[in-house]
Amino acid sequence: MDAIVKKYQQKFRKAREEMDRWGELQARLVSQYRNALSIIERLPVIQESKNYGSLSCVDGIVEAVVGKQMESLEIILLSLNKTLEEFRGIVLSLEKILRDSRQLVKAGSGQLTVKQLQQRIGVKPTLQDCLDGLMLLRDMHQSEYILKSSIVSALPTLILRPRVGDLGALQQLLIDQPNIPKEEVIYCNNKLAQMSGSWDESYDHGSQSDDSYQFERLHMEPMYEAFICPLTKQVMLDPVTLENGQTFEREAIEKWFKECRESGRRLVCPLTLNELRSADLNPSIALRNTIEEWTARNETAQLDMAKRSLTLASPEGDILRALKSIQYICQKSRLNKHVVRNMGLLPMIIDMLKSGSPQVRCKALETLRISAEEDANIKETMAEGEIVRTIVKFLSHEQSKERADAVALLYELSKSELLSEKIGSVNGAILILVGMSSSNSENVLTVEMAEKTLENLESCKNNVRQMAENGRLQPLLTQLLEGSSETKLSMASYLGELALNNDVKVLVARSVGSSLISLMKSGNIQSREASLKALNQIACETSAKVLIDSGILPPLVKDLFMVGANQLPMRLKEVAATILANIVNSGIDFDSIPVGSDHQTLVSEDIIHSLLHLISNTGPAIECKLLQVLVGLTTSTSTVHSIVSAIKSSGATISLVQFIEAPQRDLRLASIKLLHNLSPHMDHELADALRGAVGQLGSLIKVVTENIVITEEQAAAAGLLAELPEMDLGLTRQMLDEGAFQQIISRIYQVHQGEARGIRFRTPYFEGLVRVLARVTSILSEEPASIELCRQNSLAALFIDLLELNGHDKVQMVSAMALENLSQESKNLTKLPELPPPGFCGIIFPCFSNQPVITGLCRLHHGTCSLRETFCLVEGQAVEKLVALLDHTNERVVEASLAALCTLLDDSVDIERGVSILCDAEGIRPILNVLLEKRTDNLMRRSVWAVERLLRSEDIALEVSGDPNVGTALVDAFQHGDYRTRQVAEHALKHVDKIPNFSGIFPNRG
């Protein structure tokens, strides 16, 4: 604690020393200020030649005396500024003393307690008193320094129009001691601002801004009356003299003469109003030179004063005034910009961008812009170092004013090609500018300036590329259309590297599609490569029509098939094949679009043969793309038959099947998708090829079952197997032998129970699996192994369960069809009971024979049935679920469900019991509704057949006979159905007495 007390005593001694030095400086400052004021007070007197008496005849006496006084005043002003710097040093020293004292309190093992802070030092003060006292000293001296700076800075203004009262007030304000409180300092500063405003109003400064007029008045040398134009009241730039010796600004006097002529008045001198004999204007070269020298001296002095304020330690107000001064001087003359550059002010202005004040940063950006306007040398200087990167950072600042000033500066710099490249090289610069140019939240002027900056940056090719990468494509497209051959090649190359969304691809195709196609037709391999890669980037389903209309197909097909000196390298043929695949997958009808001579189209036999030949003689990459072309062509029902015909005529089926075993996944996928599209139209040829080729079927099954994650390849492979002819007994037997159905069943359970991952291709994959499995039910009567498979895996129960899989129409339909096949086989699998033979008496007298009663038999098949062993729908409680599907919105599901229910009414079973089972399942009315709805011909035929069977029941026939709608539906079927349907409908109508039954009247003969 004692050590801290000693250190505080040292701090107070240091503060006392600074205060003593403050007093010395105060005396010096007051003396210097009084000297300056005495000169200012004398200036009006010595500027009047009448006050010189007999000395007025001495040539140049006034100018000499005034000049001498101004030199003395300049020296005094410089001394005043140096004294102010020393005052500022004391303020900084007091600030450091206070900061160090606070640090002493926090030093050591921890912060001092309140008790320790209240310990007295010497007789009276405590540590807390010391801290408070040092803070008060700092605040008082800082406030007084601010006031002194304001008073001294007002002196140059007083030179122009001194007033005795103002001079005395400022002097008294400066002399006032002891220190003035901070509140009074603010009040005095406001008063000084008002006084400055009153001085401003005493002059008519025309169209000048307040800042420019203030700096116009700020001179280190006096402004002589001879410098002022009587008309404009401003310093002349091009003084001319009239015949009467009066001098004016050339532009002003010419305007005066023009007004005189237009109004029909005599030419008179605007000052004396005496008539002039001539309107000749004589340049006052000596006066102009004098004004220029006087202006140059004052501007140099002002820049020098500004330079001293351009430090981050200077007060904010001083920095802002300095920057405004530099702006004003730069705007006056381009030559002044070279002075600013040579004085080393640019790095100092750039350094102001690090200021903590937003106002200073904005003013520094504005000053840099004004300095760089139409000055290549300053722009060249700014191209050095990190200044451009610093400016770009301001584009992301929160302050909208800073962003606006930064964009304005970048716009000015972007007029230089060197700086355009520099701006583009800054990471994120173009991205931010593109965002600003399309922003709805930015100021309209800022958006416009960002747009103009980007337009300037387009002069650099690399910038155009970056703009395209960031969504601004138009510059690239424009140069691709209008640029030189070299530029077009560069832009096409850039376009070939971009990733575009489909909407943009359409836009680009419309804009430059024709140009790229023309470039592709050239013999130059570089141009062909660039255009092909660009077309590859924009070719998609949505842009296909645009590119086709632009004529892309003929040259593209030509490049694919060309051989010889001008043929494309294989890597570019791959690109061409990719473009063609993307276009073909658009679903457009290609059988009417010519691609070659003799009106050939993409589906012409010769073209398809060429594609197949190319597939057989190239590498995997291009094979994959060409297979994708065929996939696209076979997707359309209008073109698939032409493709199938060409494949059959070329004998390429086996070659296409072999790709199933390709190690490249994309190639396998393309081949499987193609075979999937072809399989419904290939009859047994495709199945024969799969069965005949060694390992092909096994490879296909492996693809279907190998991954836990469902892929597009698996979905396509399952679809291909499902599309193969259902009644191909040889294929089904081979799948049985290879254990394919067992693997399929396992995968169905995995998917159904949610164990398989992957959602995108889940539905087509699952539908394909169920369809493949259902084919085993179509050969039950021919292949005992299929029955055993169904029994072992409880397939009947599985298909019944899948009937309830709502949202999967194909699965429900195929499951119902499989249940129909299984139910058809039930009658062959049902075990009929074995009755004991009757005895001798029973044979002679049957009435004395009692047949044993056997329980537990199937109501329908009169034998021992079960769902697992005989696939009985009744035992498996499938009837209710099939009846529920009769109300399905999909006709094919309804048709399959009705077909399965019809197995209960077949001649091979007990029809009466079958009708009873349907009654118990409430299936009568749904079947009648199917008849009434007449949705399809197949449903009408099937429902008429089923209704006829139902109407064999007298109870049902009696009930239905009262429903006119059913009668009408049966009459309609009787009148419009095919031969078999009319026969069945006739029988049904007889059951309800709509047609007389003559069989009871006329007995059968023969």
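The values are calculated or read from the model by the stated rules, or taken from the named source; none is laboratory data. This one's a predicted model, so the numbers in the text were calculated from it and none came from an experiment. Ideal geometry is used to build each Cβ from the backbone, glycine not excepted, and the neighbour counts take in all protein chains shown. In case anyone asks, the SASA skips ligands and DNA or RNA and just uses the protein heavy atoms, side chains included. Shrake-Rupley method; radii C 1.70, N 1.55, O 1.52, S 1.80 Å.
Cβ under 13 Å from Thr763's Cβ, Thr763 left aside: what net charge do those residues give with Lys, Arg +1 and Asp, Glu -1?
With Lys, Arg at +1 and Asp, Glu at -1, the net is +1.
Which of the aspartates and glutamates could a cross-linker bridge to Lys533, judged by Cα under 12 Å and excluding same-chain residues fewer than eight apart?
Within the straight-line limit of under 12 Å, Lys533 reaches these aspartates and glutamates: Glu497, Glu574.
Show me, for region 388-396, the HN-Hα J-couplings you get by feeding each phi into the Karplus relation (A = 6.51, B = -1.76, C = 1.60, θ = phi - 60°), rounded to Hz, glycine and proline as x.
Whole-Hz 3J(HN,Hα) from phi for region 388-396: 4, 4, 5, 5, 4, 4, 5, 5, 9.
Tell me the accessible surface of Tyr328 in square angstrom (1.4 angstrom probe, heavy atoms of protein chains only), to the nearest ten.
20 Å²
Relative contact order, percent, of region 854-992 when contacts are C-alpha pairs under 8 Å separated by at least 6 residues?
On the way: 159 pairs, mean separation 25.0, N = 139.
It rounds to 18 percent for region 854-992.
With Cβ to Cβ distances under 11 Å as the rule, what net charge do the other residues near Ser355 carry (K, R +1; D, E -1)? All intermediate terms of the calculation are to be shown ahead of the outcome.
Details: positive: Lys354, Arg361, Lys363; negative: Glu316, Asp351.
Overall, the nearby charge balance is +1.
Under 5 Å between amide hydrogens, which residues at least 5 positions from Gly863 or on another chain qualify, with H placed 1.01 Å from N in the peptide plane?
Cys858
Can you tell me which of 41-52, 230-241 comes out highest on packing, and rank the rest after it, using the mean Cβ neighbours within 10 Å? Mind showing how you got there, number by number?
Values: 41-52: 13.1, 230-241: 17.7.
Most protected by this proxy first, the peptides run 230-241, 41-52.
Nearest 10 degrees, 0 to 90: what angle lies between the long axis of helix 809-829 and the longest principal axis of the chain (Cα atoms)?
On a 0 to 90 degree scale, this one is about 20.
In degrees, nearest 10, range 0 to 90: what is the angle between the Cα axis of helix 502-521 and the longest Cα principal axis of the chain?
For helix 502-521, the angle is close to 90 degrees.
Taking amide H positions as placed 1.01 Å from N in the peptide plane, with prolines and chain starts having none, which residues 5 or more places from Gln600, or on another chain, fall under 5 Å of its amide H?
Val595
Give a residue-ordered list of calculated ³J(HN,Hα) values for region 619-631 (Karplus: 6.51 cos²θ - 1.76 cosθ + 1.60, θ = phi - 60°; whole Hz; x for Gly, Pro).
Couplings: x, x, 5, 6, 4, 4, 5, 5, 5, 5, 4, 5, 4 Hz.
Please list, ordered by chain and number, the residues whose modelled amide H lies under 5 Å from the amide H of Ile995; skip anything fewer than 5 residues away on the same chain.
Placed amide hydrogens put Lys990 under 5 Å from Ile995.
Which value, to two decimals, describes the C-alpha radius of gyration of the chain once divided by 2.2 N^0.38 Å?
After normalising by residue count via 2.2 N^0.38 Å, the value is 1.71.
With each label point set 7 Å from Cα along the Cα-Cβ vector, what nm distance links Val971 and Val30?
Here the modelled spin labels are 13.1 nm apart.
Under a cut-off of 16 Å between alpha-carbon atoms, report the lysines in cross-link reach of Lys82, not counting same-chain residues fewer than 8 places apart.
Within the straight-line cut-off, Lys82 pairs with Lys148, Lys307.
Skip the ligands, DNA and RNA, and give the accessible area per residue of the chain with a 1.4 Å probe, whole Å².
Heavy-atom SASA per residue in the chain reads 49 Å².
Report in % the part of the accessible area of the chain that belongs to carbon and sulfur, leaving out ligands and nucleic acids; probe 1.4 Å.
Solvent-exposed carbon and sulfur of the chain make up 50 percent of the total.
I want the local charge near Leu476. Using Cβ-Cβ distances under 15 Å, sum +1 for each Lys or Arg and -1 for each Asp or Glu among the other residues.
+1
Quick one: angle between helix 485-495 and the longest Cα principal axis of the chain, in degrees between 0 and 90, rounded to 10, please.
Value to nearest ten degrees: 60.
For Lys7, go through the lysines and keep the ones whose alpha-carbon is under 21 Å away, minus same-chain ones fewer than eight residues off.
Lys7 reaches Lys96, Lys106, Lys115, Lys124.
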